[in-house]
Structure formats: structure tokens, C-alpha cells
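The values are calculated or read from the model by the stated rules, or taken from the named source; none is laboratory data. Fair warning: this is a prediction, and the values are worked out from it, not measured in the lab. As a convention, Cβ positions derive from the backbone with ideal geometry for all residues, glycine included, and neighbour counts pool all protein chains shown.
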Amino acid sequence: MLNERARMATPGMAVLMDRLMVEYPEAPVIYLSTGPWNAAPTLARFITRNMYPSGALLLTDWGLTQDRWFRSGQEHKRRNLELLAEEFPNMRWLLFGDNGQHDEAIYSHFAQQHGDRVAAIGIRQLSASEAVLAGGHSETGDHTGSQVPWIYSPDGAGMAKSLQEMDLL
């Protein structure tokens, strides 16, 4: 996490985000990550270098808690999504994550609690090598009972196409 050039941007994702900003110019962009705060400068350079829209970084603290050696990344995401829902009660959310480990379960829980406030959930499908680096991947879930549409694609172009079909882009 010291060099932003060590990471590759998801193909087409910056273009998708730019198109969303044109379509919804008043919408905030919030990058919710389990990454630590000391990586914020690197993440900000990555965002700028790869032409993603600027936005708030919601990162986590690393270190001891009262009951564990390291903080829970899953809990960090869950808690911050709930805080965002409270702070922006009239916001309709478009959530993006990946199938690396826990985003699907976290977003599914959020959608169950706030389904009327989630426009769609986009999950980037990791390649086999990315899944190894991420410590595995979740299986594509069955969301047929969800009132929130789910999008699965390995890149931003696939997500854009699905969002267009849903008249969200």
C-alpha cells in the first residue's frame, strides 16, 4: 500500500463512475474501505492517477481493541454504512464492491434493512489470481428474493450495461 502504481484499476470502472457523476452531479462519492488510515495518501493518489472521481475516504484504524488484536473490517463497513444511512436519510444508494470476501454479505444485510433506499448493488467478480490475493472469494449469491437489483461483472463496462438496462444510467 506504499505505492499506488502497485495496484491495477478495474477496467472501465473510472469511466462508469464518471458517467454516474454526470447523470447524478449532486451525489456524493464515498470510498468505504477496510484499508487503514495511514494508506489514505496512497489511495488518494491512486484515485487521482486512475481518474476516479474524488470523494470521501472512510478507512479504518488498525490495532488493538478491547477484545481483539485487530479491528474487524466487516464491522467497520457495516457500522459506516449504517452511519451513512442515518446521516443521509433521503439518499438512494448505489453500492459497489467485489466478491473478494465479505462485501456481498455486508451489502445484502444493508439492503434487507434499507431496501427502499438502495437503487442497486454492483459486485465486481474477481479473477482467479485476484481472488488468491484477496484470500478467496464468495460465491455469487442467490438474490432472487431481494427487492434490490444485483449486478455481477468483472469490469465497469458490464456494470454500466446493466445499469443502463435498469434505467439508472
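Summed over the stretch 9-35, the residues that are assigned to a loop (DSSP other than H, G, I, E, B) and within 16 Å of the chain's Cα centre (by Cα) give a count of 7.
State which residue is modelled with the lowest pLDDT when the search covers only the stretch 131-155 and only residues that are out of contact with any His (no Cβ under 8 Å at 6 or more places or on another chain) and assigned to a helix (DSSP H, G or I). Ranking the qualifying residues of the stretch 131-155, first place goes to 132.
Scanning the stretch 71-103 for residues that are closer than 17 Å to residue 37 by Cα and either of a type in the set (Lys, Arg) or at pLDDT 95 or above (or both) gives 71, 77, 79.
In the stretch 45-70, of all residues being buried (at least 16 other Cβ atoms within 10 Å of the Cβ) and more than 21 Å from residue 25 (Cβ to Cβ), the one that is modelled with the lowest pLDDT corresponds to 60.
Of the residues making up the stretch 72-112, those that are aromatic (Phe, Trp, Tyr) and either assigned to a helix (DSSP H, G or I) or touching a Phe, Trp or Tyr at 6+ places or on another chain (Cβ under 7 Å) (or both) are 107, 110. The residue that is modelled with the lowest pLDDT, among those in the stretch 31-44 that are closer than 25 Å to residue 21 by Cα and among the polar types (S, T, N, Q), is 34. Screening residue 125 with (1) under 13 Å from the mean Cα position of the chain (by Cα); (2) more than 16 Å from residue 162 (Cβ to Cβ) gives one miss only, at (2).
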